[in-house]
Amino acid sequence: MAEVVIVRDRAEAGALVADSIAALIRTRPDAVLGLATGSTPLPVYEALREKLAGVDLSQVRGFALDEYVGLPLEHHESYASVISREVVEPLGLDPQRIQTPPAHDDDLEGAGARYEAAIREAGGIDVQILGIGTDGHIGFNEPGSSFASRTRVKTLTAQTREDNARFFDSIDEVPRHCLTQGLGTILEAGHLVLLAFGEGKAEAVAGAVEGALSASLPGSAIQLHPHVTVVVDEAAASKL
Ligand code: GLP
């Protein structure tokens with residue numbers, strides 16, 4: 001079973017996860033980070049600013065989990081913009097070494113395969129940060145996603161579009177599709193770190209950590225991985 005760490009608040013979670021990422025980068029300067037978006041990982045990125053001060057980050061590589069299809073790259077809410085604003089710029093990472101799924105590519109099927117190849121060429125992801133959707137999605141692998149799935153286009157559920165509408169002026173602006181790493185892709189990372197905060201995530205967390213393995217709750221795929229750390233506050237842990 002996953003190691004579950006219950007923390008007081010987001011700041012404590014951020015510091016804890018940032019410590020382990022900083023330790024990884026000190027021992028392996030060319031570490032490959034799996035970056036997540038959404039509001040959940042933000043405390044980790046904030047804490048990393050301090051923990052990584054003075055550390056040589058020139059060799060660090062990173063791959064984002066997912067990207068919206070149909071949103072211009074320069075849009076404030078494209079995950080390329082978010083990763084650049086929240087991670088690459090504040091930490092001073094080399095933008096050439098950080099990739100997001102190429103969801104603006106004309107050949108989207110080929111784009112998924114090329115992204116997978118880039119991850120493989122980098123030697124695979126050492127540590128994958130994950131949030132979880134209220135419907136149990138990880139990355140943008142919505143309910144019904146195969147545990148063997150690879151990077152591909154997915155349709156966002158109504159629930160996810162509603163959840164993410166808060167980042168846009170209106171729900172009509174929220175894209176309907178995305179290019180996301182598959183569950184099979186995510187399971188190949190060396191270490192999975194899933195974070196969740198608040199009561200709204202409690203059911204999804206319980207399903208992911210100790211529910212039945214089911215494509216209806218894509219987060220339950222983490223039970224197939226040998227090295228998983230789940231970092232949650234009391235509210236998100238309340239149904240465990
Ligand atoms: C988003 C992202 C996921 C994220 C999840 C939860 O749509 N694609 O990677 O984990 O939904 O979002 P939040 O962290 O804002 O609750």
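The values are calculated or read from the model by the stated rules, or taken from the named source; none is laboratory data. Note that this is a predicted model, so its numbers are computed, not measured. Note that each Cβ is placed from the backbone with ideal geometry, even for glycine, and that neighbours are counted across all protein chains shown.
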- Message: I need every pair where a residue in the range 152-168 that is more than 12 Å from the ligand (Cβ to nearest atom) has its Cβ under 9 Å from the Cβ of a residue that is among the hydroxyl-bearing types (Ser, Thr, Tyr) and assigned to a strand (DSSP E or B), sequence separation at least 6 or different chains.
- Response: Arg152/Thr180; Val153/Thr180
- Query: Condition test on Gly38, is it within 24 Å of Ala80 (Cβ to Cβ) and modelled with pLDDT under 95?
  - Reply: yes
- Query: Can you name the residue in the range 69-98 that is polar (S, T, N, Q) and away from the ligand (no atom under 16 Å from the Cβ) and is also surrounded by the most Cβ atoms within 10 Å (Cβ to Cβ) among such residues?
  - Reply: Ser84
- Note on the structure: Taking the range 70-118 and keeping residues touching a residue at least 60 places away in the same chain (Cβ under 8 Å) and either hydrophobic (A, V, I, L, M, F, W, C) or closer than 18 Å to Ile186 by Cα (or both) leaves Leu71, Ile98, Pro101, Pro102, Ala103, Leu108, Ala111, Gly112, Tyr115, Glu116
- Query: Is it the case that Leu24 is under 19 Å from the mean Cα position of the chain (by Cα) and closer than 22 Å to Val232 by Cα?
  - Reply: yes
- May I ask you to verify whether Ala148 is among the hydrophobic types (A, V, I, L, M, F, W, C), surrounded by fewer than 15 Cβ atoms within 10 Å (Cβ to Cβ), without any contact (Cβ under 8 Å) to a residue 40 or more places away in the chain and part of a loop (DSSP other than H, G, I, E, B)? yes
- Note on the structure: Those residues of the range 28-42 which are of a type in the set (Gly, Ala, Ser), at negative phi and within 16 Å of the ligand (Cβ to nearest atom) amount to Gly34, Ala36, Ser39
- Message: Under 6 Å between Cβ atoms, which residue pairs at least 6 apart in sequence (or on different chains) link something in the range 17-30 that is farther than 14 Å from Gly190 by Cβ and surrounded by 13 or more Cβ atoms within 10 Å (Cβ to Cβ) with a partner that is of a type in the set (Lys, Arg) and modelled with pLDDT of 95 or more?
- Response: Ala18/Lys51; Ala22/Lys51
- Task: Could you tell me whether Leu187 is within 24 Å of Val209 (Cα to Cα), modelled with pLDDT of 95 or more, touching a Leu at 6+ places or on another chain (Cβ under 8 Å) and within 13 Å of the ligand (Cβ to nearest atom)?
- Result: no
- Give just the number: which of (1) among the polar types (S, T, N, Q); (2) closer than 16 Å to Gly219 by Cα; (3) surrounded by fewer than 22 Cβ atoms within 10 Å (Cβ to Cβ) does Ser170 not satisfy? (2)
- Residue count, the range 103-126, condition surrounded by fewer than 20 Cβ atoms within 10 Å (Cβ to Cβ) and either over 19 Å from the mean Cα position of the chain (by Cα) or farther than 27 Å from Ser20 by Cα (or both), comes to 10
- Out of the residues in the range 127-145 that are within 25 Å of Leu42 (Cα to Cα) and surrounded by fewer than 20 Cβ atoms within 10 Å (Cβ to Cβ), state the one that is farthest from the ligand (Cβ to nearest atom). Pro143
- Identify the single condition in (1) surrounded by fewer than 21 Cβ atoms within 10 Å (Cβ to Cβ); (2) at pLDDT 95 or above; (3) in a loop (DSSP other than H, G, I, E, B) that Glu12 does not satisfy, given that it satisfies every other one. (3)
